[in-house]
Each structure stands twice: as C-alpha cells, then as structure tokens.
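The values are calculated or read from the model by the stated rules, or taken from the named source; none is laboratory data. Please read all numbers here as calculations on a predicted model, not as lab measurements. We place every Cβ from the backbone using ideal geometry, glycine too, and count neighbours over all the protein chains shown. In case anyone asks, the SASA skips ligands and DNA or RNA and just uses the protein heavy atoms, side chains included. Shrake-Rupley method; radii C 1.70, N 1.55, O 1.52, S 1.80 Å.
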Amino acid sequence: MDRLDREILSVLQEDARISYRDLGVRVGLSANAAADRVRRLRRDGVIRGFTVIIDPAADTRTGLVVFIDVTLRIDTTNEVFERAVLALPGITEVVHVTGGHDYLVRATVADTAALDGLLRRLKREAGVAHSSTRVALRAAPAR
C-alpha cells in the first residue's frame, strides 16, 4: 500500500459513495485508475466493505448513546488515538477537549455488554489509560 492508496482510503472513509471520477480528481488519478485501485484494495482485503452511518436521532432502535471521557496513555499520540478510535464500530464523534481529559468520545452501542467491549477495545487498541462513561437518558430536541 502506497501514499495514493492511503489517500484513497481517507477519501472513502469520508464519503464511500464518491464517484470514481471525483475520487480520481481528489487524489490526482483518472477515474479508471482510481477504480482499479479501489478494486485492488477490496480484492486484497484492505477494504472489507462499505457501511451506512445512521444519525442516532433518526433511529430509535440504536441502543445506548454514551459519552466517554478519555485520558490517553503517556506513550499514545493524538494521531494514533484518533486513527484507532475512528476505526471502531459505533463511534459517532471524537472531540479533542481541554480540562481533565484528552478527548470526549460519543458512541452508540447496542447494550451494556457492547459498551464493555468498546471500552476494552479503547484501552487495548487506542491507547486509552483511563475513561469515564456517561449514558444518555434522553435528549431535548435542538432548536
């Protein structure tokens, strides 16, 4: 995988429905060359599939909405954390914040068992030293 492949993956993570023509323009390739690279990335297993991200407010069957305050391990950089956490399922927002924690992570999980799994993965895969989790009980509609 080279620099162009990484650029293609970055663009696809932003918008997996982008046309090959527009993808090519963004990374400096023809539409056919961009399509060939995406096919190769799929064939090689780098791209395992495409998904839809649903706005939690639009789907009442999503389970628990949680807010996780995160403090990183001393050996974890912001870039490493952000890349790792954004690859985890259910993550809907990651915000670098001031105060007693490094980040605020918003996620949607099916249930408390899924929340436990997410917290374990954050510590194991994303370099989290400490976390504090809050569960959203209800949300007032925004005006």
| message | Any residue in the range 1-24 that is touching a residue at least 24 places away in the same chain (Cβ under 8 Å) sitting within a Cβ distance under 9 Å of a residue that is open to solvent by 60 Å² or more (accessible area, probe 1.4 Å) and in a helix (DSSP H, G or I)? List the pairs, counting only those 6 or more apart or interchain. | response | Asp5/Arg40; Ile8/Arg26; Gln13/Leu86
| note | If we ask which residues in the range 64-114 are in contact (Cβ under 8 Å) with a residue 24 or more places away in the chain and at positive phi, their number turns out to be 1
| request: Filter the range 82-95 down to the residues that are exposed (fewer than 12 other Cβ atoms within 10 Å of the Cβ) and in a strand (DSSP E or B), then identify the one that is modelled with the highest pLDDT. | output: Val95
| message | Within the range 12-30, take every residue that is in a helix (DSSP H, G or I) and open to solvent by 40 Å² or more (accessible area, probe 1.4 Å) and give me the one that is farthest from Thr51 (Cα to Cα). | response | Val25
| message | Just to be sure before I move on: is Arg121 open to solvent by 90 Å² or more (accessible area, probe 1.4 Å) and either polar (S, T, N, Q) or outside any loop (DSSP other than H, G, I, E, B) (or both) in the structure I sent? | response | no
| message | As an exercise: evaluate Asp75 against (1) modelled with pLDDT of 95 or more; (2) under 26 Å from Val46 (Cα atoms); (3) not in a strand (DSSP E or B) and give the number of the one condition it does not meet. | response | (2)
